[in-house]
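Structure first, commentary second.
The values are calculated or read from the model by the stated rules, or taken from the named source; none is laboratory data. Small disclaimer: the values here were computed from a predicted structure and weren't measured. Using ideal geometry, Cβ is built from the backbone for each residue, glycine included, and neighbour counts are taken over all protein chains shown.
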Amino acid sequence: MDYSIKLGGEAGQGLQTVGDTLAKVFSRAGYHVFSHQDYESRVRGGHNFFQIRFSDGPVSAPREKINILAAFDNESIARYEGQLMEHGQVIYDSHSLKKSFGKPQFLDIPFEALALEHGGSKIMANTVATGAIMGMLGMEPDILLGLLRETFLRKGEDVVTANVSAAMAGHDFAVRECIKCSFALAPPGKPKMLISGVEAIGLGAVASGCKFYSAYPMTPSTGIMNYIADKEKEYGIIMEQAEDEIAAINMALGASFGGVRAMTGTSGGGFALMVEGVSLAAMTETPVVIALGQRPGPATGFPTRTEQAELLFAVHSAHGEFPRAVFAPGTPEQAFFLTNKAFDIAEKYQIPVFIVFDQHLADTQWTFDGFTLKEVRYTDYRLRGDLLKTLDTYKRHLFTENGVSPLGVPGDSRHLVVTDSDEHDEEGHMVEDAETRVRMVHKRLFRKLPLIAHEIAPPLLYGSAEPDIVIVGWGSTYGVLKESVEALRKEKRIAMLHFSEIYPFPSNENLRYLDVLRNAKLTICVENNATGQFARLMRAEKGYEFHTRINKYDGRPFTLEELLGELNAHIGRL
Amino acid sequence: MPTSEDYKGQAPAWCPGCGNFSILKAFVEALVELGIEPHQFTIVSGIGQGAKLPHYLKCNTFNGLHGRTLPVATGMKLANHEMRVIAVAGDGDCYGEGGNHLLHAMRRNIGLKLFVHDNQIYGLTKGQASPTSMEGMKTKTQPFGVFSEQLNPMALAVALDCSFVARGFAGEPEHLKGLIKEAMGHKGFSLVDILQPCVTFNKINTYEWYRQRVYHIEAEYNPEDRAEAFKRALQWGERIPLGILYRNNRPVYEERIPVIKDTPLVRQPFDPSNSGITFKEFY
């Protein structure tokens, strides 16, 4: 069982609500869910879709072929009718589309009329459609009805009852009328956790003790702001909407200097403005976590679409030479734990740490059995209160064996905490002499670097242990690469090498990935960008050149069918 | 009680006769008289001659980037609003590079004290026009003289309803000390613009030039009258008012944030196992 449902329509028609509801219903029923969205940079009109894939086994990538299309505009039919699988069904409302389709795979459901009749308002047409999809799939409506109750409880019992009636009307209509519906669902299981990429980053920050988040809204990172703002009161966090991205990173540095864990987030254009602040974090050795949500550039590019073209920007950003760490999660689960690790590394070594993600990961929802706080790292590396008071002397930038100086909290004792964006002495006061400069570079950069590099986990090898074919990726291509390996491994010795901790570049010690690559007959680096940025980094860091590359730069993520087609073309040439 | 000896820092690297010396002196005396000890406040500064001030005394210090004084200070104040956070900047730093931050800091009315060393010229980069340079002033980079209208920080602040707006003069350190003390005692955002002769690069706005023009705002002046404040703020040229031009009691930003109503953020402990995170919302 592996079904995909596509909801197509204009912005403002409520696709997101229907999509979120369906995804939640499936995850509560214990199915594995993967949902993704495609939307335009507009609030009303245009054309968007929301696609939900669910199965009794793990799913992690978008499919090109769909089983059910719910068309809320005519464009959905024009665009996606061809994606329908055999025995697939289109549902639509001929009254609102002002058009009828006589083909057998089309089912005309009067969403609006049923909403008016059973719910009392046309607004509930989406609830009718959601109920209808339950009916088509042969799913009991109880989970949906429970969810509607939770969602609308705040609006009163009348609204709950109206929505329940509307959902049941849609459900019953589909059960009665969709004679061609032949979906066979696996028995439901234990409810699963459903979470998106941006929620996972936000949750990771909250669970890491982030107390301050400052940002300027920019797709696709705004979801982190929204999530954290929603949790301010519950967990004692301040989310400050800054006047610009320059202010955002400087505020985060001010808060971090003040003694709390701080983070900022943005997308490429906003990050371009932040870059000077990255350098400031480095010079003042002020811990900060930066979430960088990639979208297609240059300039404003495709504001709401996806690309992996800011890896080298993150790795090389800012003037001067200093250590940093760059993580690129491939799933919401990795996003949660890597955000946690980002905070730990940032605080431990007093450096900027990046979480590089993209619109695709930001907006996709995945199911998991559940996250646990047991694996969350939390050590307070700062010197506070009595710990600071009992010191005889304190120097913010003290020369130490490992390069890490004591990070004191200003005001917690009589010891003064001083730092400077100018080159400075151990106390933090500006200097001009060559000797101090050299010692500081050693402290800040050379001593810390090997320790940071030691924290970096090796890439993930999935599939054959001795592969002939290795497909390599980083960040959000994780899911589609993994499923490609699963689809091809019956016939080929194939494996995926996925990098989620990218900089400092993982050493070859724990997992001898360079041997895996060198022993393979075909190595392919798959990236959602035009120039193969990871391939270039691999060559620069390890001197290894991939046999070939697959690059996609149309602003859309890879679908499974699409990548399999490209991979087979390369494999066929072997 | 602290004495001025407790504040002695590095020897200043300013030009002899620089207005910054008397600002530093007035500042230290104000702190001594207020009984504030070095560890009880933080100076956030940017880049410029005035921004070097925290190195020349003793205090918690974040000497950041040119123009970015206020956002760093804002972040720090939100992390620990019981800390006195003072921002020190120059006219190029605060009115030029960091202009946007100034507008929004005044809008927020966050409890920062901003002291601007306003010498109407760029000192550190050796003599280019600043936003407050007077129209017509010739410099190496403005060979035909400054064409742009001089920025009026006092009028800008009154227009934005900044909750404390004052002007001091480096040539009158006693008066300036009083203003610094008043600003330190004010709860919301305070802007003190300090006229500061640059003896090396600004040959127009000299000690003498200022002395002929400045006057003390009379005792019966009501600084809560915004319209009157705006009139005074517009005075420049023949007569330049010194003193508190405007003040109000607008709500203070940090006092409106529910999360830090009882305890500063920095003193709210965190323990992941006791954080109350249940993941329930995702099921």
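Figures for the structure shown
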{"read-out": "Residue in segment B:27-40 that is over 19 Å from A:ASP425 (Cβ atoms), over 19 Å from the mean Cα position of the chain (by Cα), of a type in the set (D, E, K, R) and not in a loop (DSSP other than H, G, I, E, B) present", "value": "yes"}
{"read-out": "Any hit, segment A:299-311, residues being in a helix (DSSP H, G or I) and either surrounded by fewer than 24 Cβ atoms within 10 Å (Cβ to Cβ) or not assigned by TED's automatic domain parsing to the domain that holds A:GLN37 (or both)", "value": "yes"}
{"read-out": "Extreme residue, nearest to the other protein chains (Cβ to nearest Cβ), among residues of segment B:231-283 that are of a type in the set (Phe, Trp, Tyr) and in contact (Cβ under 8 Å) with a residue 24 or more places away in the chain", "value": "B:TYR253"}
{"read-out": "Answer residue from segment A:482-496, given it is touching a helix residue (DSSP H, G or I) at 6+ places or on another chain (Cβ under 6 Å) and outside any helix (DSSP H, G or I) and is nearest to A:GLY330 (Cα to Cα) among those", "value": "A:MET496"}
{"read-out": "Residues being within 13 Å of the chain's Cα centre (by Cα), part of a helix (DSSP H, G or I) and buried (at least 22 other Cβ atoms within 10 Å of the Cβ) - total across segment B:157-184", "value": "5"}
{"read-out": "Out of A:GLY277, A:GLY254, A:GLY265, A:GLY259, sole residue that is under 18 Å from A:THR339 (Cα atoms) and among the small types (Gly, Ala, Ser)", "value": "A:GLY265"}
{"read-out": "Residue within segment B:65-88 that is farther than 20 Å from B:THR132 by Cβ, free of Cβ contacts under 8 Å to residues at least 12 places away in the same chain and within 8 Å of chain A (Cβ to nearest Cβ) present", "value": "yes"}
{"read-out": "Among (1) buried (at least 18 other Cβ atoms within 10 Å of the Cβ); (2) within 14 Å of chain A (Cβ to nearest Cβ), the one test that B:ALA13 misses", "value": "(1)"}
{"read-out": "Failed item, numbered, when A:ASP386 is tested on (1) acidic (Asp, Glu); (2) more than 14 Å from chain B (Cβ to nearest Cβ); (3) in a helix (DSSP H, G or I)", "value": "(2)"}
{"read-out": "Flag if B:HIS101 is more than 8 Å from chain A (Cβ to nearest Cβ) and of a type outside the set (Phe, Trp, Tyr)", "value": "no"}
{"read-out": "Filter pass, B:ALA227 being more than 14 Å from every other protein chain (Cβ to nearest Cβ), part of a helix (DSSP H, G or I), farther than 30 Å from B:VAL32 by Cα and within 24 Å of the chain's Cα centre (by Cα)", "value": "yes"}
{"read-out": "Residue match in segment B:52-63 (condition: farther than 17 Å from A:GLY259 by Cα, more than 8 Å from chain A (Cβ to nearest Cβ) and within 14 Å of the chain's Cα centre (by Cα))", "value": "yes"}
{"read-out": "Number of the exception - B:GLU33 against (1) within 21 Å of A:ALA252 (Cβ to Cβ); (2) modelled with pLDDT of 95 or more", "value": "(1)"}
{"read-out": "Filter pass, A:ILE452 being under 28 Å from A:ALA291 (Cβ atoms) and assigned to a strand (DSSP E or B)", "value": "no"}
{"read-out": "Answer residue from segment A:428-463, given it is among the small types (Gly, Ala, Ser) and touching a residue at least 24 places away in the same chain (Cβ under 8 Å) and is nearest to B:GLY64 (Cα to Cα) among those", "value": "A:GLY428"}
{"read-out": "Residue check, A:ILE201 part of a helix (DSSP H, G or I), of a type in the set (A, V, I, L, M), farther than 30 Å from A:HIS118 by Cβ and modelled with pLDDT of 95 or more", "value": "yes"}
{"read-out": "Residue check for A:PRO187: within 21 Å of A:ALA29 (Cα to Cα) and within 14 Å of chain B (Cβ to nearest Cβ)", "value": "no"}
{"read-out": "Cβ pairs under 8 Å, 6+ apart, first in segment A:193-204 and more than 9 Å from chain B (Cβ to nearest Cβ), second in a strand (DSSP E or B) and among the small types (Gly, Ala, Ser)", "value": "A:VAL198/A:GLY293; A:ILE201/A:GLY265; A:ILE201/A:ALA291"}
{"read-out": "Test result for A:PHE257, of a type outside the set (Val, Ile, Thr), under 30 Å from A:PRO110 (Cβ atoms) and either buried (at least 17 other Cβ atoms within 10 Å of the Cβ) or away from every other protein chain (no Cβ under 11 Å) (or both)", "value": "no"}
{"read-out": "Search result, residues across segment A:231-254 that are in a helix (DSSP H, G or I), surrounded by fewer than 24 Cβ atoms within 10 Å (Cβ to Cβ) and at the interface with another protein chain (Cβ under 8 Å from one of its Cβ atoms)", "value": "A:GLU232, A:LYS233, A:GLU234, A:TYR235"}
{"read-out": "Residue that is surrounded by the fewest Cβ atoms within 10 Å (Cβ to Cβ), among those in segment A:1-29 that are part of a helix (DSSP H, G or I) and in contact with a Lys or Arg (Cβ under 9 Å, 6 or more places away or on another chain)", "value": "A:ARG28"}
{"read-out": "Selected residue [surrounded by 24 or more Cβ atoms within 10 Å (Cβ to Cβ) and in a helix (DSSP H, G or I)] from A:ILE228, A:ILE195", "value": "A:ILE228"}
{"read-out": "Cross-chain or 6+ apart pairs with Cβ under 6 Å, segment A:393-419 first and more than 11 Å from A:THR284 (Cα to Cα) and facing chain B (nearest Cβ under 8 Å), then among the hydroxyl-bearing types (Ser, Thr, Tyr) and not in a loop (DSSP other than H, G, I, E, B)", "value": "A:PRO410/B:THR42"}
{"read-out": "A:GLU276 within 11 Å of another protein chain (Cβ to nearest Cβ), on the phi < 0 side of the Ramachandran plot, at pLDDT 95 or above and surrounded by fewer than 22 Cβ atoms within 10 Å (Cβ to Cβ)", "value": "yes"}
{"read-out": "Number of the condition not met by A:ALA162 [criteria: (1) in contact with a Gly (Cβ under 7 Å, 6 or more places away or on another chain); (2) surrounded by fewer than 20 Cβ atoms within 10 Å (Cβ to Cβ)]", "value": "(2)"}
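Condition check ((1) over 20 Å from A:PHE72 (Cβ atoms); (2) β-branched (Val, Ile, Thr); (3) modelled with pLDDT under 95; (4) part of a helix (DSSP H, G or I)) across all residues:
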residue	(1), (2), (3), (4)
A:HIS95	no, no, no, yes
A:SER100	no, no, no, no
A:ALA115	no, no, no, yes
A:MET134	no, no, no, yes
A:SER165	yes, no, no, yes
A:GLY170	no, no, no, yes
A:ARG176	yes, no, no, yes
